[in-house]
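Let me begin by presenting the structure, written as C-alpha cells, before commenting on it.
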C-alpha cells in the first residue's frame, strides 16, 4: 500500500526523500510564512523540524496562517506542532520563546538549514549575522504588500520594519503568503536534495516569480 509520501517519493526519488527525512531544519517564525511553510515541509517528507516562535495565535491570524479559531490564545509553535502531528505523525520540536543573542547558539545548534520567516528586522539581523559567522546555510522568506522574496544569506539584506501606529495593520494577501511559502519550500527541498541555492522574488500584481542572480 502506498505510504504518506507516495506521490512526493515518485516525483523526488528515494535518495531525495531520505535526505529530507534525515536533515535537521530550524524554522524561525510560525506566523504567515512559517506556519504555511512548516505544514508544506512536513507533508513533503521533512521529519527533523524545529519551529521557534514566542507569539500566541490571535484572531487576525486566522485568514493568513494555518491556525483554527479554536487555537486562538495558543502558542503558535505548539499549534504548529500539534497540527503537523495530526496530519502526518511527525514530531516537531516546538520552541515557544523568543530567539535572542543569549540562546541563538543553543537553538540553532546542529541545524543543516535555518529558514528565517520572522517579520521584524531585529530578529532577521540576528539570524543573518549568526548564520554568516557560523557558516550555516540560511534561507530568508518574507513579504511586504504585493512583493515577496526567497533569498539565501549571501544575497540577503535585512529590510527595515514597517512604520505605523499598529504593527498588525498592514496589507497582506493570503495567496501571496501561500505562494511565497511554496517557493521557499521548493528552494529548501532542492538545497537538501541537490545542494542548489536558488533565489527568487515574487511580484503579486503580475503573478511573476523571478529568478535572482547570485
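Every number in this text was worked out from the coordinates using simple rules, so none of it is lab data. Just so it is clear, the model here is predicted, and its values are computed rather than measured. Cβ atoms come from the backbone with ideal geometry, glycine included; neighbour counts cover every protein chain shown.
Observations
- Most fluctuating residue given options 159, 171, 24, as computed from a GNM of the chain linking Cα atoms under 10 Å: 171
- DSSP bridge orientation in the chain - percent antiparallel, rounded to nearest 5: 55 percent
- DSSP beta bridge pairing in region 25-151, given as percent antiparallel to the nearest 5: 30 percent
- Residues residue 186 and residue 82, FRET efficiency given R0 of 30 Å [Cβ-Cβ distance, rounded to 0.05]: 0.75
- The residues 131, 180, when put in order of fewest to most other Cβ atoms within 10 Å, stand as 131, 180.
- Calculated [θ] (222 nm, deg cm²/dmol) that DSSP helices of n ≥ 4 give over the chain, each run adding -39,500 (n - 2.57): -11500 deg cm²/dmol
- Separation in nanometres of the label points that stand 7 Å from Cα toward Cβ, at residue 91 and residue 203: 4.8 nm
- Shape box of the chain [Cα atoms, principal axes, largest first, Å]: 54, 43, 42
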